[in-house]
Amino acid sequence: MSRNPARRRASVLAALASGALAVALLQATPPAAGDEALPYQDPDLPTAQRVTDLLGRMTLAEKIGQMTQAERIDVDADPSLITANALGSVLSGGGSVPSDNTPEAWADMVDRYQEAALDTRLGIPLIYGVDSVHGHGNLQGATVFPHNIGLGATRDPKLVERIGHITAEETRASGPQWAFAPCICVARDDRWGRTYESFGETPRLVKSMETVIDGLQGRPGQLDDADRVLASAKHFAGDGLTTYDESAAGTGAYPIDQGIARVSRKEFDKLALSPYVPAVKKHRVGSVMPSFSSTDFNGGSTADAVKMHANKQLITGWLKNQQHFKGFVISDWRAIRQLPGDYRAQVKASVLAGVDMFMEPIQAPNNPNGWDVFIPTLTDLVGTGEVPMSRIDDAVARILKAKFDLGLFEHPLTDRSNLDQVGSKAHRAVARRAVAESQVLLRNKQATLPLRAKDKVYVAGSNADNIGNQAGGWTLTWQGGSTNVIPGQTVLDGIERAAKGDVVYSEKATERVPRKAVGVVVVGETPYAEGFGDVGGPQWAYDPGDNGQPRQKQTMEISEADKQAIRTVCARTTSCTVLVVSGRPLIVPPGLLNQIDALVASWLPGSEGGGVADVLYGRSPFIGKLPVTWPRTVAQEPINVGDASYDPLYRYGYGLSTRR
Ligand code: GLC
């Protein structure tokens, strides 16, 4: 039904003519502009009252529509599907972007879907979600911050709050009002492909970084501002505690991502649940996303493991009832399909467990159905009484509350007043500071660092001049890519701007090394996301930029080419510094380490590689501290501070300082 008064009245006349009068009047068709506003449309009323009024007007179909999230690909060609199904939400999965990947095109896209939602009978606005996990990484031109593991190394909660605010500003200005961030996972085994999405290996460090939620959402009452978004604490819970399955390595399955957390309930409470207490009570996170993973507190067989998406005891019992979480729970990407039984059983189990909204992309043709089957399935479950209406009403009330708090009923279309701030110099300056603060100095023989600007410098290594590699996953595409290019500076760019002497760059160190030159070798990983980043995990080979070429296997080892570059450069320069640009620690064998004068963990710095040069050349001091333990070998994993026998190469919290 249109928001246009004339069209709205015409549809009422049509309803009269079609004998649907009773239904139309019963459902109190919302007034056209100028008529007396219904309570739910009155911004001066308390939100709880608006929710109750609106809920009371909704049909079952409208309620279930609010619990349904489609992917943009499902509706982009025909947004009227949003209207016809009264869909409550649409998302962009990683890399799902408008053909013209600009802030304006994003806002136009989101608004086009929003118009379709506003054309529904009750005009309930859509909420649009996106993975703004290190800035609005899907958007070309957005400020791309260091991934969380680097932010954990800064030990700077105020800076991380500022980063959340900038992320929210750039996200909301381009349309989406909801970020599927932060991951408050505690990464315990660095072979996990999502280690870089974690702030670190201790709950204490992770909790300290939850200030990012305040940056994203603002204080209570600020969520309807043009520079704030709803946050989503994920993945509830224990995603970082799963056990590595050696039998799965190399088989194409994920050896650790989405696995089973085989820990005692006591360990689980400490390492998995405790970060959610401040996220809910102190930071008032507006949504929570369950984990694909499972829990097994009794160390039994795999059959004893309970999938988090069906864990009523933890979602409803602990999160909603004990922690009094008032937001809503959004399922992960088609995650309910991993639950036991047929689809009907999966929907029933997850709805009854307390999941409120369902991320059910259709993703045709290899997944022939998604939300288009979810809707009739849940409708049938309510019809038979297997899912009580009280559960539906609880879910919808939570979702509506978030939409009222976001101001979407008053301002459903994108407020573009901050559009010109996307990727601004001011934002990039904050990102550059975060890069500098995230650098961890692990070794500095004879005070090799900081370098002197006047020195000639020879730069080598696979990650010296590759902005795709330094940004990592969740950048322009889901998996990221070595060929992905975003505006910003590579590490080499930063060195070239900082050095006054000659700079020679040769990725494989094949160029001649000038006399008395100092050496910098930037090694590390190629991009990955989720289980494709597991050590021993499957290889992703579908990104356009990959031209179908399979990617490097992730091993936590430095590549042979990079090892050779280190040997060559360290043998021919007056000093050699090695920077590790990666989503987690990489193994530095003893024979290699003793050739290295200075060693720096650079993590995944994002778009502002210049921040690395700032600490290399002493414009900023090294202050970073390890957010995870740095192992001697992969075989030591999982290795964490507090372990009974703990003999890493560099301990958790280690970091040399060059602060004067
Ligand atoms: C992914 C991830 C989750 C993300 C979601 C939407 O599978 O597990 O972190 O928010 O799908 O992209």
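The values are calculated or read from the model by the stated rules, or taken from the named source; none is laboratory data. Because the structure is a prediction, the values reported are computed rather than measured. FYI the Cβ positions are ideal-geometry reconstructions off the backbone, even for glycines, and counts take in every protein chain you see.
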Hey, does the range 347-363 have a residue that's within 16 Å of the ligand (Cβ to nearest atom), touching a residue at least 24 places away in the same chain (Cβ under 8 Å) and over 21 Å from GLY88 (Cβ atoms)?
no
Can you spot a residue in the range 438-455 that is closer than 19 Å to VAL485 by Cβ, of a type in the set (Asp, Glu) and in contact (Cβ under 8 Å) with a residue 24 or more places away in the chain?
no
Looking at (1) touching a strand residue (DSSP E or B) at 6+ places or on another chain (Cβ under 9 Å); (2) over 27 Å from ILE467 (Cα atoms); (3) among the β-branched types (Val, Ile, Thr), which is the only condition VAL628 fails?
(2)
When restricted to ASP455, ASP493, the only residue part of a loop (DSSP other than H, G, I, E, B) and either polar (S, T, N, Q) or over 28 Å from ASP225 (Cα atoms) (or both) is ASP455
Find all pairs meeting these conditions: Cβ atoms under 6 angstrom apart; at least six residues apart or on different chains; first residue within the range 309-323 and farther than 25 Å from TYR343 by Cβ; second residue surrounded by fewer than 24 Cβ atoms within 10 Å (Cβ to Cβ).
GLN323/VAL280
Any idea which of PRO203, PRO157, PRO176, PRO220 is out of contact with any His (no Cβ under 6 Å at 6 or more places or on another chain), within 16 Å of the ligand (Cβ to nearest atom) and assigned by TED's automatic domain parsing to the domain that holds GLY95?
PRO176
Just for the range 135-148: of the residues that are touching a strand residue (DSSP E or B) at 6+ places or on another chain (Cβ under 8 Å) and within 15 Å of the ligand (Cβ to nearest atom), which one is nearest to LEU205 (Cα to Cα)?
ASN148
Could you look through the range 629-644, keep only residues that are in contact with a Pro (Cβ under 7 Å, 6 or more places away or on another chain) and part of a loop (DSSP other than H, G, I, E, B), and pick out the one that is surrounded by the fewest Cβ atoms within 10 Å (Cβ to Cβ)?
ARG632
Return the total of residues in the range 338-354 being surrounded by 15 or more Cβ atoms within 10 Å (Cβ to Cβ), over 13 Å from LEU381 (Cβ atoms) and not small (Gly, Ala, Ser).
2
Of the residues in the range 234-252, those that are away from the ligand (no atom under 16 Å from the Cβ) and either part of a helix (DSSP H, G or I) or closer than 20 Å to ARG337 by Cβ (or both) come to GLU246, SER247, ALA248, GLY252
Which listed residue is in a helix (DSSP H, G or I), outside the structural domain of LEU223 (by TED's automatic domain parsing), farther than 30 Å from ARG551 by Cβ and touching a residue at least 24 places away in the same chain (Cβ under 8 Å), from ARG391, ARG398, ARG433:
ARG433
How about the range 76-95: which of its residues are of a type in the set (Val, Ile, Thr) and within 16 Å of the ligand (Cβ to nearest atom)?
VAL90
Regarding the range 264-275, can at least one residue be identified that is buried (at least 24 other Cβ atoms within 10 Å of the Cβ) and polar (S, T, N, Q)?
no
Taking into account only those residues within the range 179-191 that are part of a loop (DSSP other than H, G, I, E, B) and touching a Ser or Thr at 6+ places or on another chain (Cβ under 7 Å), which is nearest to the ligand (Cβ to nearest atom)?
PHE180
Out of the residues in the range 96-111 that are hydrophobic (A, V, I, L, M, F, W, C) and either crowded, with 19+ Cβ neighbours inside 10 Å or on the phi > 0 side of the Ramachandran plot (or both), state the one that is nearest to the ligand (Cβ to nearest atom).
VAL97
Just checking, how many residues over the range 285-322 are in contact with a Lys or Arg (Cβ under 8 Å, 6 or more places away or on another chain) and either surrounded by fewer than 16 Cβ atoms within 10 Å (Cβ to Cβ) or of a type in the set (Lys, Arg) (or both)?
1
Residue ID - nearest to the ligand (Cβ to nearest atom), chosen from residues in the range 114-133 that are closer than 16 Å to ALA70 by Cα and among the acidic types (Asp, Glu):
ASP131
Quick check: is even one residue across the range 292-305 more than 16 Å from the ligand (Cβ to nearest atom), in the same structural domain as GLU201 (by TED's automatic domain parsing) and among the aromatic types (Phe, Trp, Tyr)?
yes
If the requirement is being buried (at least 24 other Cβ atoms within 10 Å of the Cβ) and either over 30 Å from ASP405 (Cα atoms) or free of Cβ contacts under 8 Å to residues at least 40 places away in the same chain (or both), which of these qualifies: ILE256, ILE213?
ILE256
Name the residue, out of GLY533, GLY545, that is within 26 Å of ARG432 (Cβ to Cβ) and either surrounded by fewer than 19 Cβ atoms within 10 Å (Cβ to Cβ) or at pLDDT below 95 (or both).
GLY545
Considering the range 62-74 alone, what residues qualify as being of a type in the set (A, V, I, L, M, F, W, C) and either more than 16 Å from the ligand (Cβ to nearest atom) or crowded, with 21+ Cβ neighbours inside 10 Å (or both)?
ILE64, MET67, ALA70
Among the numbered criteria (1) more than 14 Å from the ligand (Cβ to nearest atom); (2) within 19 Å of ILE149 (Cβ to Cβ), which one does ARG262 miss?
(2)
Candidate set: the range 189-205, residues that are under 24 Å from GLY327 (Cβ atoms) and within 15 Å of the chain's Cα centre (by Cα); chosen: the one surrounded by the fewest Cβ atoms within 10 Å (Cβ to Cβ):
ARG194
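Residues are listed down the side, and each one gets a yes or a no for (1) assigned to a helix (DSSP H, G or I); (2) within 16 Å of the ligand (Cβ to nearest atom):
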position: LEU314; (1), (2): yes, no
position: GLY317; (1), (2): yes, no
position: ASN321; (1), (2): yes, no
position: LYS326; (1), (2): no, no
position: TRP333; (1), (2): no, yes
position: ARG337; (1), (2): yes, yes
position: GLY341; (1), (2): no, no
position: ALA345; (1), (2): yes, no
